[in-house]
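J.: One structure, pasted below without further comment.
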Amino acid sequence: MLKSVKSRIVALLALANLPAVFFAVAAGAWGYGEARDLQRLNVEQAADVLAARTAEVLGVARGIIATLSLDPGLAAGGPACEARLEAAIANSDSYMGAFLGQENGTLICSAGVVPEQQGGRTSLFEAVEQSDDSNPVVFLAETTSAESRRIIAARRVMMADGSTSLLALVIDRAAFEALFGEALPRPRAGAILTASGQTLATDLATQGTDWQPADGRFELNGAPGGFTAFGEDKQLRYYVAAAIPATTAYILVARPESVMSVQDNRQIITAIGVPLAMIAFGMMAVLLGLDHLILAWIRRLRIAAFDYAAGHYDTRVARLDEAPSEIADLGDAFNTMANEVTDRSNALEQAVADKDRILRELHHRVKNNFQMIASLLALQRRELPADVRPLLRVPEDRVLAMAAAHKASYATGEIGHVEVFDLLSDVALQIRQSFGARAPKITVDTATPEERRIAVDLDRAVPLGLLVSELISAGLAQTPDEDLAIAISRMSDGRSGFSVCIMGRGINDALPRTALPGRLVTAYIAQLRAKLDAGTANTLCLEVPEPTAG
């Protein structure tokens with residue numbers, strides 16, 4: 001883990017920027033909370049502003065009603081009463097009318113638009129009577145029609161005869177709807193409610209009444225702050241209820257939590273995403289710069305080292321004049337080392353080639369010397385009488401066996417490496433030739449082509465060739481008319497080594513056991529650390545194990 005230079009640099013950069021990431025996340029979380037609080041505060045402030053605006057409109061209307069209630073000319077009725085009411089509604093375009101009526105709904109006097117039905121006026125009187133409002137002026141929505149656009153500001157007036165009448169000012173609902181304006185960004189919902197829950201006016205941006213809390217959890221008690229609840233339409237909103245000063249009416253406004261969350265998410269993305277993006281960009285810039293300026297050169301050195309280790313000794317690090325000085329020094333050192341190793345390798349290869357050539361020449365000359373000795377012995381043998389000629393044939397065969405070992409050694413291409421098949425084939429051929437044209441046939445074979453590549457070193461090849469020469473010579477001397485076969489194979493049963501089996505009629509009886517041939521056979525077997533198995537009359541098997549260390 002973290003073994004490469006690049007991974008460690010990334011880990012170091014991550015650790016170095018960890019405090020910045022922590023503070024960015026902390027600042028974003030803090031900003032998220034601040035943004036949420038700010039949005040809720042905006043809703044609360046909007047409710048307070050709307051309450052103040054509504055209080056101003058209601059206060060003016062209440063003042064007009066209070067002033068009219070103190071005018072003694074109203075009780076007289078007639079034109080004087082109507083003139084005073086006309087003057088009152090002229091104060092604002094929002095005032096649609098005014099009237100003074102008896103308890104049974106009979107009009108004493110009126111001006112402008114007033115409730116036409118006597119029953120409606122009676123219900124207004126009853127609503128004022130039932131109101132527990134300590135303020136003598138009560139604001140009610142007209143109840144005679146669901147589509148009514150009028151709000152009634154009314155109060156009880158004591159007449160001169162001691163009876164109670166109703167003094168009312170008819171106000172256009174648009175005057176209250178206009179108060180909402182853009183106090184709260186869309187989407188929004190708002191309404192002016194009475195203490196009994198009657199709606200005086202609704203924000204024009206509000207669609208229906210299903211936006212209000214479904215569980216009715218809000219209480220119009222003027223408490224500061226708001227609450228989160230589901231509306232009747234199952235949408236989560238943040239609600240704020242603000243009391244209208246000097247009245248029992250309230251402003252209720254709401255803003256969807258989904259909209260507020262989107263804005264909060266944008267805030268937190270901006271607060272956290274931008275710093276994190278800048279940190280990530282900085283880390284990428286540093287990594288790209290390090291990769292281009294430093295790591296790329298380290299990779300070149302690494303590739304050159306791997307190529308050199310794979311045997312491409314002509315590999316060198318190029319363009320080091322463009323590399324950083326420290327890496328350039330490493331590259332120069334690598335190139336210098338590679339040049340020196342190449343020079344030394346060339347010198348060693350030349351020395352090995354010269355040594356190999358000399359060894360080949362040496363083995364070749366040794367083989368020639370042995371053959372010359374064998375030739376001299378052959379010439380001497382021909383000069384002797386026929387009955388004593390076999391005495392020199394055996395030494396001649398021994399010399400030829402040693403010559404065959406040296407011949408097989410330099411013939412393989414690897415000095416000191418002798419393939420057993422080639423060695424014994426040459427020994428068999430030399431012995432057959434020494435016996436003359438009437439010598440029996442001697443064959444050398446293996447069970448598989450792979451076994452023809454069984455090899456021994458020169459120190460073991462000489463005694464092996466001499467031993468086989470002794471055994472073949474003894475066999476041919478015993479049965480000169482019988483062919484012989486030599487089989488070479490690897491030892492079985494998981495043992496390492498090889499076996500040489502000589503097969504011919506009566507070969508077991510011809511095994512030298514006494515005199516010089518017997519002593520030589522014993523010495524050769526001991527030198528090879530081999531085992532000679534003479535279990536059958538027609539087969540001699542020589543088991544030659546692999547040499548052990550030491």
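Laboratory data are not the source of any read-out in this text; all were calculated from the coordinates shown. Everything quoted here is computed from the prediction, not taken from an experiment. When we count neighbours, we look across all protein chains shown, and the Cβ atoms used for this are built from the backbone with ideal geometry, even at glycine.
J.: Return the equivalent ellipsoid semi-axes of the range 58-120 as a descending list in whole Å, where each equals the square root of 5 times an eigenvalue of the C-alpha gyration tensor. Each step should come with its number before you reach the end.
T.: Values: eigenvalues 61, 42, 25 Å².
So the three semi-axes of the range 58-120 are 18, 14, 11 Å.
J.: Toward the positive end of the charge dipole of the chain, about the Cα centre and with charges on Cβ (Lys, Arg +1; Asp, Glu -1), which of LEU74, VAL5, ASN508 goes farthest?
T.: My answer, from the dipole projection, is ASN508.
J.: Output the 0 to 90 degree angle, nearest 10, between the alpha-carbon long axis of helix 458-478 and the longest principal axis computed from the alpha carbons of the chain.
T.: With both axes taken from Cα atoms, the answer is about 50 degrees.
J.: Set the Förster distance to 60 Å, then compute FRET efficiency between ALA246 and ALA16 from the Cβ-Cβ distance, nearest 0.05. Mind dumping the intermediate values first?
T.: Details: r = 63 Å, r/R0 = 1.05.
The computed FRET efficiency comes out at 0.45.
J.: Show me 123-129, 19-25 ranked by packing, highest mean number of other Cβ atoms within 10 Å first.
T.: Details: 123-129: 18.0, 19-25: 13.4.
Peptide ranking by packing, descending: 123-129, 19-25.
J.: Right, next: For a quick protection proxy, order the peptides 337-349, 46-58, 103-115, 511-523 by their average other-Cβ count within 10 Å, most packed first.
T.: On the way: 337-349: 11.5, 46-58: 20.5, 103-115: 17.8, 511-523: 13.8.
Per-residue mean Cβ counts within 10 Å order the peptides as 46-58, 103-115, 511-523, 337-349.
J.: Excluding residues on the same chain fewer than 8 positions from LYS367, give the lysines whose Cα lies under 20 Å from its Cα.
T.: Filter leaves LYS355, LYS407.
J.: Report the charge-dipole magnitude of the range 415-550 in Debye, nearest 20, computed about the Cα centre from +1 at each Lys and Arg Cβ and -1 at each Asp and Glu Cβ.
T.: Numbers: 13 positive and 17 negative charges, 53 e Å.
For this selection, approximately 260 debye.
J.: Please determine, in degrees from 0 to 90 and to the nearest 10, the orientation of helix 257-268 with respect to the longest principal axis defined by the Cα atoms of the chain, where the helix direction is its Cα long axis.
T.: 50 degrees
J.: Okay, moving on. Taking H as built 1.01 Å from N, whose amide H comes closer than 5 Å to the amide H of MET96, not counting residues under 5 places away?
T.: VAL170, ILE171, ASP172
J.: In what order do TYR313, TYR524 fall by count of nearby beta-carbon atoms within 10 Å, going from fewest to most? Can you show the working numbers first?
T.: Details: TYR313 14, TYR524 22.
Fewest to most other Cβ atoms nearby, the residues stand as TYR313, TYR524.
J.: On a 0 to 90° scale, report how tilted helix 78-89 is relative to the longest principal axis of the chain, with both axes built from alpha carbons and the result rounded to the nearest 10.
T.: The two axes meet at around 30 degrees.
J.: Hey, another quick one. Between ARG299 and THR336, 0.36 nm times their residue separation minus their Cα-Cα distance comes to what?
T.: Working: separation 37, 0.36 × 37 = 13.32 nm, distance 1.88 nm.
11.4 nm is the gain from fully extending ARG299 to THR336.
J.: For a quick check of your reading of the filter: which trypsin sites (Lys or Arg not before Pro) in the range 453-495 sit in a DSSP loop and have no more than 10 other Cβ atoms within 10 Å? Can you show the working numbers first?
T.: Working: sites: ARG453, ARG460, ARG490, ARG495; in loops: ARG495.
Passing sites in the range 453-495 do not exist.
J.: Assuming R0 = 25 Å, can you tell me the calculated FRET efficiency for the pair THR67 and THR164, based on Cβ-Cβ distance, to the nearest 0.05? Working shown, then result.
T.: Values: r = 19 Å, r/R0 = 0.76.
Efficiency, from the Cβ-Cβ distance: 0.85.
J.: Okay, next question. Please list log₁₀ I(q)/I(0) at q = 0.08, 0.19 Å⁻¹ for the range 350-545, using the Debye equation with identical point scatterers on the alpha-carbon positions.
T.: -0.26, -1.40
J.: Here is a further query. Rounded to the nearest 500, what is the 222 nm mean residue ellipticity of the chain from helices alone, with -39500 (n - 2.57) per DSSP H run of 4+ residues and division by all residues? Let's see the in-between values first.
T.: Details: 12 runs with 272 residues, N = 550.
Computed mean residue ellipticity for the chain: -17500 deg cm²/dmol.
J.: Within 11 Å, Cβ to Cβ, of ALA487, how many net charges do the neighbouring residues add up to if Lys/Arg are +1 and Asp/Glu are -1?
T.: Its environment carries a net charge of -2.
J.: Mind giving me the nanometre distance, one decimal, between the label points for LYS531 and LEU379, set 7 Å out from Cα along Cα→Cβ?
T.: 4.7 nm
J.: In addition: Obtain the nm distance between the two label points defined at ALA83 and ALA351 by a simple spin-label model: each point lies 7 Å from its Cα along the Cα-to-C-beta direction.
T.: Computed distance between label sites ALA83 and ALA351 equals 14.2 nm.
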